[in-house]
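The block underneath contains the structure these notes are about, expressed in structure tokens.
The values are calculated or read from the model by the stated rules, or taken from the named source; none is laboratory data. Everything quoted here is computed from the prediction, not taken from an experiment. Note that we place each Cβ from the backbone using ideal geometry, even for glycine, and neighbour counts take in every protein chain shown.
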Amino acid sequence: MSLPCQRLADIIGGQVITSTPVCVVQSLRNIDATILGRRTRSPLALPFALSFENNIGGKTLNLGETVILQSEINRFMTALRRRGITITAVHNHWLFDNPRLMYMHWEDVGDPVAFAEDSYDAAREAGLLK
């Protein structure tokens, strides 16, 4: 991908997880959570993550995933849809978590900067990120 992955990480206030073969950027949600009674700060449990790949003519396959509380789902889904982004899944990952951690996935093909900005702006609008 010709666009520097760090620029996309900066948009969400996160870090580059990997830049090849796929650019993956991530920040962690600030949720006080436990799994099996143990506090977790794992990036597997608390991600706000985006990936960008297959840049053809400036358009990439853009994917997003975040941990989300049940009370945040409708607000975030509405904010993403308002920006023309397709939501592909809402589900759980863990058993015995507290609070109940859900995960939302979204996608598009297009400008990676616009996707990062739209994803971040939707998350801020819904109260997921500051």
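Things to note:
- Members of segment 99-128 found to be surrounded by fewer than 20 Cβ atoms within 10 Å (Cβ to Cβ), in contact with a Gly (Cβ under 8 Å, 6 or more places away or on another chain) and within 25 Å of Ser42 (Cα to Cα), listed by number: His105, Glu107
- Tally of residues being crowded, with 16+ Cβ neighbours inside 10 Å and under 17 Å from Val113 (Cβ atoms) across segment 1-25: 14
- Of the strands (runs of 3 or more DSSP E) entirely within segment 24-130, those holding at least 1 residues that are touching a Leu at 6+ places or on another chain (Cβ under 6 Å), over 15 Å from Leu8 (Cα atoms) and at pLDDT below 95 occupy 47-56.
- Qualifying positions in segment 32-52 - surrounded by 16 or more Cβ atoms within 10 Å (Cβ to Cβ) and either among the charged types (D, E, K, R) or in contact (Cβ under 8 Å) with a residue 60 or more places away in the chain (or both): Ala33, Ile35, Phe48, Leu50, Phe52
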